[in-house]
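Chemist: Right, I'll just put the structure down here and ask away after.
All of the numbers you see were taken from the coordinates with simple rules; none came from a lab. This is a predicted model, so every value here is computed, not measured. A quick note on method: Cβ atoms are made from the backbone with ideal geometry, for glycine too, and the neighbour counts reach across all protein chains shown.
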């Protein structure tokens, strides 16, 4: 939502400066994304007059102009087609900077003719799309040399506010100022708004046209007919400048006034050419296949039940969204019919989704408009039109639907509010803040909720949020001496999440965020009947709370493969959910998927696919980073149907399962119609040891040389390689640095049902260099324990 500082100040007498206003806006939840001082951009341009125009001697499409800037006559070469003597123009003097391309204007020679400045078009000044001709200043009373920014009120500051979806009441200048004024930084003006309904008849006819509401989705609608308008006049310069500054597209005076009013007060409206309306007007739901041509000349065959406004021959507009081409206002329009209404937000949202049309009008209706001030909004719009386009009011009518409008009330519980905020605010202070926000106290603790906030204020928790917005967290006095017990420990899961995310991005993985819901079919692949069903799912594809992150990742992998992207590395950190003995459990976990080629073809190395060891390296590197040494991790077989039984491992610390690493089971991949192998790693946050993650201390390298010895042994085919590591660790060799299994081989001609395993053992002396005999003794111990525990046989070299 863009507005200007002057526009804002036209509604409020401020007692603070701009910087304070910007800070307060963000503090009350209206985040200021950006602000731009336009005066700094446009103050360098001045008004000048062309006094002579000659053809360029060396270029047929250029003109040589004599230009009076109020102090001297300058020669300027110009390529615009509309230059003529007596024309007042916008001059960019030497030294000025053109906004559109940041070009600095210099004295120059253009095709051997000197030029001392530039005559500007709208596009060059970022004030419109017209680039064929230069700007013509029509006011003859303006003195030459006057700053262009002063003439067109461009010496202003544009403020860009990021609105949250629940604050549709602030989708206007008035709404923002109304919220801002609650901070007691100025007095709110009652600019323009006339809340009287005395100008309106409560009937169903306007100037001979019968109007009927045949849908429950139109709560209230007002019409006003104005005759004999002039749609070719120049509207007030203030309004034009606002259009230029906040990037609103100008059409014609009537349409511009309509858009200006909506941005100023937040009430969408539509204006019809009254002479193009045939017969009576009906607010109704569309029939299947009805034809509609919109203002932007798009054609639609409407589905059933779209809220429309029609006459006896055609659809005039899609209610609350967009008008029709057959009744639009143009330069020849003389008589207009103005419509301001209150439509159902749900119905407008439904129409937006079905038709895929989103407009400034639908944006406001979907977020609920102020339903109580329809008359005030149309009065304001009518007055603006009469001031700028002339004409006279023929008739006005306000039609309410059969559904009566009610005032929404809320009983305030001051104790609940203080409990929520942990504060001890006095009753009168809470009342004062609510009064500033437009809440009206009826009696005791009963308040009327403002008509513009009835969509998002439901209970005392919402009231507490409003109080803290305006009071400010920094000004809140705590009700407790110690509101929270502070520990000098970082939250475990947050720390793990942050560390893992940073490391995985550094390892060339992309993070994804998938839906928290999956289909029953996918849930059955990853659960033993302990899934949580949604009572009212969006669709069957989202009927179950996810019990694993793997389905979402696999679906993302599948979608990419279908697009021809086959080498993929993704991870996701999120919660999974399951039902354990009628208790709903949620836990946070990390899942990594890799598939395709780890190394593609290149001149330095061979092509290589991802494999089990890539994922093992990923997972073990993460665990090592949080001080979980691989030496302390116990490896077991996987006991589920998610992973390939011979190509995966389960990771334990003590008796706690902390994760898995391996190739996904072919049956899982088949369900996702995937033909290439996918490797997966999982870490379960809740089972990780609760360690204080201090900064790593520097690791001092030993001055003594390490020793590495390779072994190759035969063991039974059904013996896990991890048993080798367990057996060697049982010796408790003090200088044991690492054990690395680097080869497993089974000879197809071997009839003894055994396999060959090769591994290396690294020793790091701490006090002195090892002699050959000491190394030999350790090697013999290793061979002996493997023979005893695993019936291992040392392989011949």
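Chemist: What is the log10 of I(q)/I(0) for region 707-794, computed with the Debye formula using one identical point scatterer on each Cα and no solvent, at q = 0.12, 0.13, 0.15, 0.23 Å⁻¹?
Modeler: Each listed q maps to, in turn, -0.37, -0.43, -0.55, -1.15.
Chemist: What's the exposure ranking of 385, 476, going from fewest to most Cβ atoms within 10 Å? Please list the in-between numbers first.
Modeler: Numbers: 385 24, 476 15.
Going from sparsest to densest Cβ surroundings: 476, 385.
Chemist: Find the eigenvalues of the gyration tensor of the Cα atoms of region 40-152, then list the square roots of 5 times those eigenvalues as equivalent ellipsoid semi-axes, largest first, in whole angstrom.
Modeler: Numbers: eigenvalues 78, 50, 38 Å².
Those come to 20, 16, 14 Å.
Chemist: Under 19 Å from a point placed 7 Å out from the Cα of residue 250 along the Cα-to-Cβ direction: which residues of region 86-129 have their backbone N that close?
Modeler: Within reach of a label on residue 250, which here means backbone N under 19 Å from a point 7 Å along Cα→Cβ, region 86-129 contributes 87-92, 99-100, 119-129.
Chemist: Using label points projected 7 Å from each Cα along Cα→Cβ, tell me how many nm separate residue 102 and residue 505, to one decimal.
Modeler: Label at residue 102, label at residue 505, 2.7 nm between them.
Chemist: Additional query: Need one number: nm distance between label points at residue 717 and residue 409, each 7 Å from Cα along Cα→Cβ, rounded to one decimal.
Modeler: 8.4
Chemist: Here's a follow-up. When the expected Rg is taken as 2.2 N^0.38 Å, what fraction or multiple of it is the alpha-carbon Rg of the chain?
Modeler: In units of the globular-protein estimate, the chain measures up at 1.35.
Chemist: Moving to a separate point now. How much FRET efficiency would the formula 1/(1 + (r/R0)^6) give for residue 637 and residue 788, where r is the Cβ-Cβ distance and R0 is 25 Å, rounded to 0.05?
Modeler: Values: r = 23 Å, r/R0 = 0.91.
About 0.65, to the nearest 0.05.
Chemist: In which sequence would 620, 742, 242, 377 go, from the one with the fewest C-beta neighbours within 10 Å to the one with the most?
Modeler: Fewest to most other Cβ atoms nearby, the residues stand as 742, 620, 242, 377.
Chemist: Right, something else. Sorted from largest down, give the three principal axis spans of the alpha carbons of region 409-475, whole angstrom values.
Modeler: Answer, in whole Å and largest first: 29, 22, 18 Å.
Chemist: Let me ask something else. Which angle from 0 to 90°, rounded to the nearest 10, does the C-alpha axis of helix 612-625 make with the longest principal axis of the chain?
Modeler: Once rounded, the angle reads 80 degrees.
Chemist: Applying 1/(1 + (r/R0)^6) with R0 = 60 Å to the Cβ-Cβ distance of residue 39 and residue 627, what FRET efficiency is obtained, to the nearest 0.05? The partial results should precede the final answer.
Modeler: Numbers: r = 57 Å, r/R0 = 0.96.
Step by step, r from the Cβ atoms, then E = 0.55.
Chemist: Moving to a separate point now. Between residue 461 and residue 515, how high is the FRET efficiency from 1/(1 + (r/R0)^6) when r is the Cβ-Cβ distance and R₀ = 22 Å? Nearest 0.05.
Modeler: The value I calculate is 0.20.
Chemist: Using only Cα atoms and rounding to the nearest 10 degrees, what angle (0 to 90) does helix 772-790 make with the longest principal axis of the chain?
Modeler: 90
Chemist: Each label point is 7 Å from the Cα along the Cα-to-Cβ direction; what then is the distance between the points at residue 737 and residue 534, in nm?
Modeler: 5.4
Chemist: Separate question: For residue 20 and residue 110, compute 0.36 nm times the residue count separating them, minus their Cα-Cα distance, and round to one decimal in nm. Intermediate results must be reported in sequence, preceding the final value.
Modeler: Values: separation 90, 0.36 × 90 = 32.40 nm, distance 4.86 nm.
Here the answer is 27.5 nm.
Chemist: Full-extension gain between residue 59 and residue 709, please, as 0.36 nm times their residue separation minus the C-alpha to C-alpha distance.
Modeler: Value of the extension gain: 225.4 nm.
Chemist: Multiply the residue gap between residue 9 and residue 187 by 0.36 nm, knock off their C-alpha separation, and tell me the result in nm, one decimal place.
Modeler: Numbers: separation 178, 0.36 × 178 = 64.08 nm, distance 1.03 nm.
Gain in length upon complete extension: 63.1 nm.
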